[in-house]
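Every number here is computed from the coordinates shown, using simple stated rules; none is lab data. As the structure is a computational prediction, the values presented were derived from the model and not from experiment. Positions of Cβ are generated from backbone atoms using ideal geometry, with glycine treated the same way; all protein chains shown enter the neighbour counts.
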Amino acid sequence: MSVPVFVADEAAARLDDEHVAAMEGLRRARAVGVRAFVARFLAQPFAVAGLLLLGIVAAAAVFAPLIAPYDPFALNPPLQQPGPAHWLGTDPLGRDVLSQIIWGGRVSLAFAFGAAALSLAVGVVMGAIPGYLGGVVDDVFSRFLDTFLVIPRLFLIILIVALLGSNLLFVIAVMGLTMWPQNAKIMRAQVLTIKKRGYVQAAIAAGVSPLPIIFRHVIPNGLAPVIANSTLQMAYAVLTEAGLSFLGLGDPNQTSWGQILNAGQSYVRSVPWIVISPGLAIMTLLLGLHLVGDGVTRVLNPRLSLGRE
Amino acid sequence: MRRYALRRVVQIVPVMLFIAVVNFLLIHLAPGDPAAALAGEDAPQEFIEALRVDYGLDKPLLQQLGTYLGTLLQGDLGYSFSYRRPVIEVIVERLPATMLLVFASQIPAIVFGTLLGAYSARHYPSKIDNAVTAVSLSLYAVPIFWSGLLLILVFAVWLRWLPASGMYSLAAPSEGIGRLFDIARHMALPATALFLYSLPTYVRLTRASVIEIMREDFITTARAIGYSESVVFFRHALRNALLPAVTVAGLSLSFVFAGALLTETVFGWPGMGRLMYEGVLKRDYPVLMGVFLVTSALVLVVGILTDLLYATLDPRVSYE
Amino acid sequence: MKTTLLEVRDLVMHFRVGSGWVHAVDGVSFELRRGETMGVVGESGSGKTSLGYAMLRLLPANGRILGGSIVFDGVDLVPLPEEDLRRLRWTRFAMIFQNAMSALNPVFRVGDQIMDAIRHHTGVSRAVARERAGALFELVGLSRARLRGYPHEFSGGMKQRAMIALALSCKPDLVVADEPTTALDVVAQGQVLRQIKDLQRDLDLAMIFVSHDISVVAEICRNVAVMYAGEFVEYGPTEHLLTDPRHPYTMALLRSFPSVRGPLKTLLSVPGSPPDLVRPPSGCRFHPRCPFAQAICSEVSPPATPTFDGGWARCHFTEEIRRQGSDAIEVLDKVR
């Protein structure tokens, strides 16, 4: 009998370790693409519910001029209880609370999308380029990211807004520019693995220069977890805007949910609806964002959903 | 171990330097006179002029930065005109109230959150687990200042069980058990708000990490050896699963301080967060910058303590 | 003749996955006597690892034993209450896991993990357990001082030795080894393999050795079972099965490993890929990849045809393959 030598087919054997996972992985690999992503996303009841909540808030914000019964700045008799004229009552200045809530959704959504988009754009680029280049640049930059991430963000934002002003666009920019290091860190981790893949190595060997490789190959392939994180950042931006407005640091030329709470908090005893209703609006939007974010994460990270029946 | 700790302490220096530089730049970016910004809104002209000399605000920018860092290094965070006292004194006076609130809310949040998360993971996948997920996601969606207002509405306005704001009653005894009880009554609502705010973080984290750990090979080994499910869970899984909870407890301190800021504002709790709010109202910039610096320093120190604790819990971490 | 230790009959184990049931183990039967060694070989996804776990009723949360019996020393493990099963575990049968890197708990000292297992089953004092753990470490070629080490301080080969010591700690009669050398480098592979071989002989252990590598199995096992798509397709004494395979899949598997002494042939894997076990092929499960397949193969599941010494092969054409011998192998080489 001849004694054959060893041929260690390590990769194959590891797969066998949990071949169910392997088969699932195979099925997933076949089903790439946006359509499959959407299908798997929509298969989750929680995620669909989240989408619905977001839809309600977005529709109210988009059609605010048509839906809102009053001009949100118009002054009526102050501190009215909810009734047929003012479904959610009026605030201490006599502004209709329902109309303020409908219009206020615009500010919250502007923060959600504006700040998260800015953070996404800056974070992706600032994570991808140093991560791709590596070396000293990357070392120094990662240190900077770590430093930035430990700073108490809300305190910094309050300080900036108090010193430099509370204009809507400015505050959105401040928020985006304080949130991006988180995205950069996620992107960088992605880049470190993508860099080693065949198609990137092939592009390098073919003499393609770094920037086209980063933008054409590295970023598109590493984007998924950053996008999942973006839904959380949207929620953070909404919450922070509400907090700032609640503290009296909102843009005085806009109407926002936090400002309604700020104006109404002293009247919680007499007109509780002023306080209850804007909070419900914030909750609706945040819950929608969290449910959608959770759904996206589950689709992107199958390990969390595997075995769920 | 000692060398590791020392190295971590040294790492604070560049971070604090960075924060100080941010403060410095903000003063100069602010519209108008930096001396006026440094003085705060109510300060009289003489005081502004005195500051201009003290901080050398007529000197070149780099020299100004040097002077600013020099004063910070001496523990001088500036002078608050609205309180007529050095900023550091005002902050030190407010710190205990904040720490009390943080401990009273975070210890139960860590304990209950971890237990609930572990319980949920043990029943994964099931209706119970889904319910826990739904509840924790909903709690994430509640702004803390709003839950604070609702707590006031229910427990102070409608039920009249607990006081709505402050830390003491005027009529309460000024010492002994009576005083402690009085403080506890005042703390009940703000601590609950902060507890509910932090709870879902620990639930979600522990749940995810227990689910992950229960799939590890060493759990299969433990089962194969013949340990009962509860031994497998408590002895072999939970200890591994708690490691990330420790890290997050440390890292989330800045998030807890942010929650405390809003809670203290709602409940008029005389802590550092409330001080920040008062600083905003009075445009007392030295106070705002001081609170920002002190909060950052606390977050950094707790970060180091967390790392050291982690290192003693996880044998894989080497001190080098 | 030694007495039967383990008798598996028509074992069926399926996994629930999103889209249906994975037929991981589908009607497997075999017998193992005390002190005997059996190898189970197959490709990734053949169900061999699942079989290893199912035999000891170590099922993942989504796995179910749907039929058959696992009679261990006269006791059927399938209907056995969890509590009784736990008493048998490690004292009667133990397992060496594929990935010793992750099979040891990272936060406990290796020695403590072994001592815990000993004390859990025997209730002896710490000192006695420590002495036994030390003896086990020496048995597998590790120094006693290493008992105080943590898993991450061990090299891959050392971890696997520690895993073997752990598996032997409660003196089991049967050890199931699942790819115990796969994660190791070639040198460590050889050492660990020799260790397992010596221990098996010295301690008179019954052993089931699961591997994708037929050459490793050949070194250790008296009998070999070849597994494909959840079924045993051929079973027999190792030397016969290796030199005179009767199932086309066994042949293909043999050709996928180079031989030291035989003629130098191009090394290739078995053509095609393993079938989707959610919907296994009809008839003989190998027919879509088999170069000899006829019409009947896709319709009728082949019965076990006896070969040598109690061996058998599940193929409709074992006789033809035997007659053609080396020609059959050439056919196989051509289709690649």
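Assuming charge only on the beta carbon of Lys and Arg (+1) and of Asp and Glu (-1), the dipole of segment C:99-146 about its Cα centre is about 100 debye to the nearest 20. Using just its DSSP H runs of length 4 or more, each adding -39500 (n - 2.57), the protein assembly as shown gives a mean residue ellipticity at 222 nm of -19000 deg cm²/dmol after division by all residues. Within straight-line reach of A:K185, meaning a Cα separation under 17 Å, sit the following lysines at least 8 residues removed in sequence or on another chain: A:K195. Under the simplified labelling scheme, the C:S19-B:D54 pair shows an inter-label distance of 7.3 nm, with each label point 7 Å from Cα along Cα→Cβ. Computed over chain C, relative contact order equals 20 percent, with contacts defined as Cα pairs under 8 Å that lie 6+ residues apart. As an exercise, use a Förster radius of 56 Å and the Cβ-Cβ distance of B:H123 and B:E46 to find the FRET efficiency, rounded to the nearest 0.05. It comes to 0.25.
In order along segment B:184-196, the Karplus-derived 3J(HN,Hα) couplings, from 6.51 cos²θ - 1.76 cosθ + 1.60 at θ = phi - 60°, round to 4, 4, 5, 7, 3, 6, x, 5, 5, 4, 6, 5, 5 Hz, and Gly and Pro are given as x. Going by neighbour counts of Cβ atoms within 10 Å, the residues C:I65, A:I204 line up, fewest first, as A:I204, C:I65.
Relative to the 2.2 N^0.38 Å rule of thumb, the protein assembly as shown has a C-alpha radius of gyration ratio of 1.14. When chain A is treated as a Gaussian network with alpha carbon springs shorter than 10 Å, the biggest mean-square fluctuation among A:D251, A:D96, A:D146 belongs to A:D146. For segment B:160-247, trypsin sites (Lys or Arg not before Pro) meeting the loop criterion (DSSP other than H, G, I, E, B) and having at most 12 other Cβ atoms within 10 Å: B:R160. With R₀ set to 56 Å, the beta-carbon distance separating A:A85 from B:A297 gives a calculated FRET efficiency near 0.60.
The count of lysine pairs in chain C with alpha-carbon distances below 19 Å, taking only pairs 8 or more places apart or on different chains, stands at 4. For segment B:54-135, the relative contact order is 11 percent, taking Cα pairs closer than 8 Å that sit 6 or more residues apart in sequence and dividing their mean separation by the residue count. Partner lysines whose Cα lies under 29 Å from the Cα of B:K59, excluding those fewer than 8 positions away in the same chain, are identified as B:K282. Across segment C:16-29, rounded Karplus estimates of 3J(HN,Hα) from the backbone phi angles (6.51 cos²θ - 1.76 cosθ + 1.60, θ = phi - 60°) give 8, 10, x, 8, x, 9, 8, 7, 6, 10, 10, x, 8, 10 Hz, Gly and Pro being marked x.
Based on the reciprocal of the average 1/r between different C-alpha atoms, the Kirkwood radius for segment B:184-320 equals 17.7 Å. Here segment C:1-119 is assigned +1 on the Cβ of each Lys and Arg and -1 on the Cβ of each Asp and Glu. Its dipole about the Cα centre then comes out at about 220 debye.
In a DSSP loop and with at most 15 other Cβ atoms within 10 Å, the GluC sites (Glu not before Pro) in segment B:1-105 are B:E41.
For A:I194, C:I114, the sequence from fewest to most other C-beta atoms within 10 Å is A:I194, C:I114. Of all the options A:V299, A:V268, A:V97, the one that moves most in a Gaussian network model of chain A with Cα springs shorter than 10 angstrom is A:V268.
The distance between label points at B:S165 and C:A61 comes to 4.7 nm (points 7 Å beyond Cα on the Cα→Cβ vector). Each Lys and Arg contributes +1 and each Asp and Glu -1, all at the Cβ; summed about the Cα centre of segment B:222-319, the dipole is approximately 180 debye. Going from the residue with the fewest nearby Cβ atoms within 10 Å to the one with the most, B:M167, A:M179 rank B:M167, A:M179. Note on the protein assembly as shown: dipole from Cβ charges, positive end direction compared against C:F308, C:M101, B:H236; the farthest Cα belongs to C:F308.
Across segment A:25-143, Cα-Cα distances exceeding 20 Å account for 68% of all pairs. In a DSSP loop and with at most 14 other Cβ atoms within 10 Å, there are no trypsin sites (Lys or Arg not before Pro) in segment B:249-305. Between C:V71 and C:A127, the FRET efficiency estimated from the beta carbon spacing at R0 = 45 angstrom works out to 0.75. For segment A:195-309, the equivalent ellipsoid built from the Cα gyration tensor has semi-axes of 45, 20, 7 Å, listed from largest to smallest. Measuring nothing but how far apart in sequence close Cα pairs (under 8 Å, 6+ apart) lie, relative to its length, segment B:49-185 scores a relative contact order of 7 percent.
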